């Protein structure tokens, strides 16, 4: 065997192992949903069942946590998208030298461990007598999710042609109209993508939420607590449903971005 | 700023600036300053707050330095996060190189799709998947037993389980920065090195790695930071012997009832992460703006 062929074989083995590592846990978790066994596993296989979906459907605590997560995600979008957009606009308009410093400040929440974001928020609001709960979850999550919005909007702003604004002003549009009718439509794709990412980040967050949740239980906290209080394949059914939703959402997002890109190069 | 007023008028500009101030001051700066304030004060019953005993000191930090278990867990968290970072780098490097330099566009597209799908799924679920896979009577032990590789089930919970799940969780944070930085490397440079007689490892060491330095530094920084600040993997897959620093912080808040000490510990974690991030970026001469791309 030549050296080139040997290295190709070695690389093939590595690549196979890599993708097995990537997918085996997810496949095992999904398959365990359909096993009759009370503990989620695939070995031994005790028979095919769909009853864990029924049990999940009847789990009131699960539905409550889904509602908490949806409410949180909704308000996180409402806070983080305007804040991030404003931040991107301010950042691109300040003087070159100030920009670096401001940028560092604005991305600092991304470089802060999630638990610290939660702790700092919890401590601040204790001063005014507000304890953990949905309100603090929204604030704490928004404080770093706004960074992602800011980055996405700023990236799009770089390609904005200012002469459009001048043309609108020249044609007699008010300054507010220029923002409303020229800049916002241009930013629309970035805003939609950012809102989507914000929902996903909010749903998936655990570290920050853990510290500010108070007595409220969003979905990720619910799942993690199930591991302690008694894990049954009903949790796998939930995982499978969430995986299906995220994969569909991700596909929709990628298709959306692809179309935007195609339109951008065409136009 | 004058630019914004000119473009959108005074009232819209006021709204923008107010939103940014609310965020930067109200949601980032104030919480962190108060956390520092908390960390420097003793934990007192409500009646004594503001009284003669309520003065600044470093007592909460010296407590951490003096408490052997917590100190050990702190250093262990750093050390283990460094191992997670290194293992993730080793696992990702060959794939990143292949994607950037060897794969056909179709192969690369397919591989990236395969990589992105698990990444979209949330971290708690990915950790749960490892919990099920690594269970004592779980599938991995069953397969290894059937293959005759082990004679009795292995308890994976502990350092091994945490390492596997964390590496899994942070693969993309490592892979994509490296891939992006390798993509701009001209294939001709590699060929030139080969024609001049360089061996494969030497090409990587002298040509590919220096070129991809920024990407490697970025990937390592993110992986280390996420690993050191992780809570879910050690809490689901750990054992009493593999406790993580974040778990100690959590206990101060919700079991020990000493928020001041908890704030001090959180501050130590924050400073550690920022120091590692900034030092690595400085060493690799990478700009913060390149990292967050």
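Every number in this text was worked out from the coordinates using simple rules, so none of it is lab data. In this text, all values refer to a predicted model and were calculated from it rather than measured experimentally. Methodologically, a virtual Cβ is constructed for each residue, glycine included, from the backbone with ideal geometry; neighbour enumeration extends over all protein chains shown.
Tabulated values for the structure
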quantity: Euclidean distance of C-alpha centroids, segment B:47-90 and segment A:10-54, integer Å; calculated: 39
quantity: Among A:64, A:38, A:159, residue whose mean-square fluctuation peaks in a GNM of chain A (springs only between Cα atoms under 10 Å); calculated: A:159
quantity: Modelled FRET efficiency - R0 56 Å, residue B:188 with residue A:128, Cβ distances, 0.05 increments; calculated: 0.35
quantity: Cα-projected label distance for residue B:58 with residue A:74, points at 7 Å along beta-carbon direction, nm; calculated: 5.0
quantity: Gyration tensor (alpha-carbon) shape descriptor, the protein assembly as shown, a/c threshold 1.5; calculated: rounded
quantity: Kirkwood Rh and Cα Rg combined as Rg over Rh, evaluated for segment B:47-136; calculated: 1.26
quantity: Helical mean residue ellipticity (222 nm; -39500 (n - 2.57) per DSSP H run of 4+; nearest 500) of the protein assembly as shown; calculated: -24000 deg cm²/dmol
quantity: Inter-probe distance in nm under a simple model that places probes 7 Å from Cα toward Cβ, at residue A:155 and residue B:72; calculated: 4.5
quantity: Chain A: angle of helix A:3-32 to the longest principal axis, Cα-based, in degrees nearest 10; calculated: 80
quantity: Kirkwood-Stokes translational diffusion coefficient of segment B:68-291, alpha-carbon pairs, 20 °C, 1.002 mPa s, µm²/s; calculated: 110
quantity: Nearest-ten-degree value, helix A:60-93 long axis tilted from longest Cα axis of chain A; calculated: 30
quantity: Stretch gain in nm, segment residue A:61-residue A:173, where the contour uses 0.36 nm per residue and the Cα spacing is subtracted; calculated: 35.0 nm
quantity: Rough spin-label spacing in nm, given labels placed 7 Å along Cα→Cβ, for residue A:232 and residue B:198; calculated: 6.1
quantity: Cα-Cα P(r), chain A, percent of pairs per 5 Å interval; calculated: 1, 5, 9, 11, 12, 13, 12, 11, 9, 7, 5, 3, 2, 1, 0, 0
quantity: Gaussian network model of chain B, springs between alpha carbon atoms under 10 Å - residue of B:162, B:124, B:116 with greatest fluctuation; calculated: B:116
quantity: Degrees between helix A:96-111 axis and first principal axis of chain A (Cα, 0 to 90, nearest 10); calculated: 20
quantity: For chain A, built as a Gaussian network whose Cα springs stay under 10 Å, the top-fluctuating residue of A:208, A:85, A:49; calculated: A:49
quantity: By average C-beta atoms within 10 angstrom, highest first, the peptides B:176-182, A:9-15, A:223-229; calculated: B:176-182, A:223-229, A:9-15
